[in-house]
Amino acid sequence: MDEEREPLSFEEICTRWGEEPERYLGSVVPPIFQNSLFTAPSVEARSRRAGRYIYTRESNPTTDILNAKLAALEGAEDARCFASGMAAISAALMSQLRSGDHVVCVKHAYYPARALLQDYLSRFGVEVTFVRGDRVEDFEQALRPNTRVFYLESPTSINLWLQPLEEVCSLARSHGITTIIDNTWATPIFQRPMQLGVDIVVHSASKYLGGHSDVIAGVVCTSRQHIEAIHREMTLVGGILDPFAGWLILRGLRTLPTRLHQHQQNALKVAQWLEQHSAVHRVLYPGLPSHPQHDLARRQMSGFSGLFSFTLKQNWREAAVGVVDALRMFHIGVSWGGYESLALPMLIEDYDGEQRWGLRVHIGLEPPERLIADMEQALRHAEDKGR
Ligand SMILES: *Cc1c(COP(=O)(O)O)cnc(C)c1O
């Protein structure tokens, strides 16, 4: 290894890194190895020790390119892809937990991840405590002798709360606890949790990594120490990524840095505009100086993506539904991270613990002026109706 070499840029990783065009007839795009098995010229050669592929549930060349790119993006030693974000999350958790273990989980983490811990892994004797998680003391107070995992998500995807990752990870380390973070919101472009001390990073690649709302996938990025256990979950529980879906994520990754910077620019414009609007109570976006954790956000992230929430002065459900129904450019739907703008009415817990009605919006790649004009007419419509 050349020690003088510059670290790879995100753009290099997303374009050339991990690919060997000369091995695929010079094809600039890697092929989709859409095969279940790999054959060998002799019985002797048919061993993994000979460096061969054997069966796609264990490994596949297309998926391996994706693993290499995602590991490099996160600054991790290795990565494994899964059939969904939830398959990645469950593999990460199950690789660490056994009966009698205790997990401390952020209370606003992605709901199915919380349900997995509370309703599913509880059947196997795993206990969970939910905490706000914006202070390291929350984790400290929840500690038990059998605590094995801190499950983090920073920022969370509805109320955009952060955890102080360096402090939380150093607490975990001093107690031999594994930290797992869902980094879907920021993507590695804006946050690299392993550099802040996190052990295992999971993503729903169905969001920004894919970026085109056309594929469901997940990934676990981690160190050599943990990858073997993750690989075992993958091959035994079997939630592997289909090679074609992997190829779609590879295609999405080509533009990941470019898209994320555009999402950031657009989202900041819309968030700043909303913050000035008379119908808006509060905008929850860590990229705004008004966010209570803005300083922490700037320390542990290098940018901000396109998903955020805002609450309304008219604090009732019909008002939020009215605004969403009046929007024309924004689609109404769950998920996010694609090119398109989305909106949903939502009951949002503000930083002070107050529940308020508002909207969760994903700011896509449309011209932000058009999105603002659309939001303006929708808010006016709802205000008129509320009078
Ligand atoms: C969508 C999502 C997931 C789950 O990912 P799937 O690919 O839908 O299984 C996990 N975490 C966050 C924050 C998400 O938004």
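The values are calculated or read from the model by the stated rules, or taken from the named source; none is laboratory data. All values reported here derive from a predicted model rather than from experimental measurement. Every residue, glycine among them, receives a Cβ derived from its backbone with ideal geometry; neighbour counts consider all protein chains shown.
Looking at 253, 248, can you tell me which residue is more than 15 Å from the chain's Cα centre (by Cα) and aliphatic (A, V, I, L, M)?
Testing whether each residue is more than 15 Å from the chain's Cα centre (by Cα) and aliphatic (A, V, I, L, M) leaves just 248.
In the set 251, 259, 299, which member is modelled with pLDDT of 95 or more, buried (at least 17 other Cβ atoms within 10 Å of the Cβ), out of contact with any Pro (no Cβ under 8 Å at 6 or more places or on another chain) and part of a helix (DSSP H, G or I)?
Being modelled with pLDDT of 95 or more, buried (at least 17 other Cβ atoms within 10 Å of the Cβ), out of contact with any Pro (no Cβ under 8 Å at 6 or more places or on another chain) and part of a helix (DSSP H, G or I) holds for just one of 251, 259, 299, which is 259.
Going by the structure shown, is residue 29 at pLDDT 95 or above, hydrophobic (A, V, I, L, M, F, W, C) and loosely packed, with under 14 Cβ neighbours inside 10 Å?
Numbers: at pLDDT 95 or above: yes; hydrophobic (A, V, I, L, M, F, W, C): yes; loosely packed, with under 14 Cβ neighbours inside 10 Å: yes.
Judged against the criteria, residue 29 is a match.
Collect the residues in the range 332-387 that are closer than 13 Å to residue 318 by Cα and touching a Pro at 6+ places or on another chain (Cβ under 9 Å), keeping them in residue-number order.
357, 358, 359
Looking at 159, 183, which is the one that is under 17 Å from the mean Cα position of the chain (by Cα), within 21 Å of residue 11 (Cα to Cα), crowded, with 18+ Cβ neighbours inside 10 Å and within 16 Å of the ligand (Cβ to nearest atom)?
Just one listed residue meets the conditions, 183.
From (1) within 16 Å of the ligand (Cβ to nearest atom); (2) closer than 30 Å to residue 53 by Cβ; (3) crowded, with 24+ Cβ neighbours inside 10 Å, pick out the condition that doesn't hold for residue 212.
Exception for residue 212: condition (3).
Could you pull out every one of the helices (runs of 4 or more DSSP H) wholly within the range 44-116 that has 2 or more residues that are touching a residue at least 40 places away in the same chain (Cβ under 8 Å)? If you could, list the steps in order and put the result at the bottom.
Numbers: elements: 61-74, 85-96, 111-115.
Here the list reads 61-74, 85-96.
May I ask you to verify whether residue 202 is more than 21 Å from residue 11 (Cβ to Cβ) and under 9 Å from the mean Cα position of the chain (by Cα)?
The answer is yes for residue 202.
Any residue at all in the range 138-150 that is among the hydroxyl-bearing types (Ser, Thr, Tyr), within 16 Å of the ligand (Cβ to nearest atom) and not assigned by TED's automatic domain parsing to the domain that holds residue 340?
Scanning the range 138-150 turns up no residue that is among the hydroxyl-bearing types (Ser, Thr, Tyr), within 16 Å of the ligand (Cβ to nearest atom) and not assigned by TED's automatic domain parsing to the domain that holds residue 340.
Acidic (Asp, Glu) and either within 30 Å of residue 343 (Cα to Cα) or free of Cβ contacts under 8 Å to residues at least 24 places away in the same chain (or both): which single residue out of 199, 214 fits that description?
214
Among all residue pairs at least 6 apart or on different chains, which show Cβ distances below 6 Å where the first residue, located in the range 243-272, is touching a residue at least 12 places away in the same chain (Cβ under 8 Å) and the second is of a type in the set (Phe, Trp, Tyr) and in a helix (DSSP H, G or I)?
Partner pairs satisfying both residue conditions: 257/10.
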